[in-house]
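In what follows, a single structure is set out as structure tokens and then discussed.
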Amino acid sequence: MFGLGWPEIVALVVIALLVFGPEKLPQAASQAGRTLRQLRQMANNARSDLEANLGPEFKNFDPADLNPKTFVRKHLLEDVENDWKDEAAPPPPEPPVPAYAELSVGEIPPYDNEAT
């Protein structure tokens, strides 16, 4: 959900018990649930109003596309990825041919004074 694991959730519950006390904690939790439900309802209403008022041109509009990461990925990198997919795949490289003769067992390789 928010990247919270069990240790973090337990820590939040303990802190909530210390802050609100065992008597007021159920009331605080129900109030938080109602507030979260109202926020979700407001967000869904805003999205439906936006879609209704934009008209048919923006039928597939998604507000998440306005996120900068999503925008860049969709509008800038999509073309590059399509270009890579459209190009014919290059043939696999041929294995390199050794420019030297293979050494026999126990033979010492030649020494090159100019090599670094």
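Worth pointing out:
- Near pairs, Cβ below 8 angstrom, 6+ apart or cross-chain, from region 30-54 (assigned to a helix (DSSP H, G or I)) to any residue that is surrounded by 11 or more Cβ atoms within 10 Å (Cβ to Cβ): R47/P63; L50/F61; L50/P63; E51/F58; E51/F61; L54/F61
- Odd one out for P63 among (1) in contact with a Lys or Arg (Cβ under 7 Å, 6 or more places away or on another chain); (2) within 30 Å of A16 (Cβ to Cβ): (2)
- Check on V80, surrounded by fewer than 10 Cβ atoms within 10 Å (Cβ to Cβ) and modelled with pLDDT under 80: yes
- Residue within region 51-58 that is surrounded by 11 or more Cβ atoms within 10 Å (Cβ to Cβ), under 30 Å from H75 (Cβ atoms) and touching an Asp or Glu at 6+ places or on another chain (Cβ under 8 Å) present: yes
- Filter result for V97 (among the β-branched types (V, I, T), part of a helix (DSSP H, G or I), exposed (fewer than 10 other Cβ atoms within 10 Å of the Cβ) and modelled with pLDDT under 75): no
The values are calculated or read from the model by the stated rules, or taken from the named source; none is laboratory data. Being a predicted model, the structure only gives us computed values, none of them experimental. Using ideal geometry, Cβ is built from the backbone for each residue, glycine included, and neighbour counts are taken over all protein chains shown.
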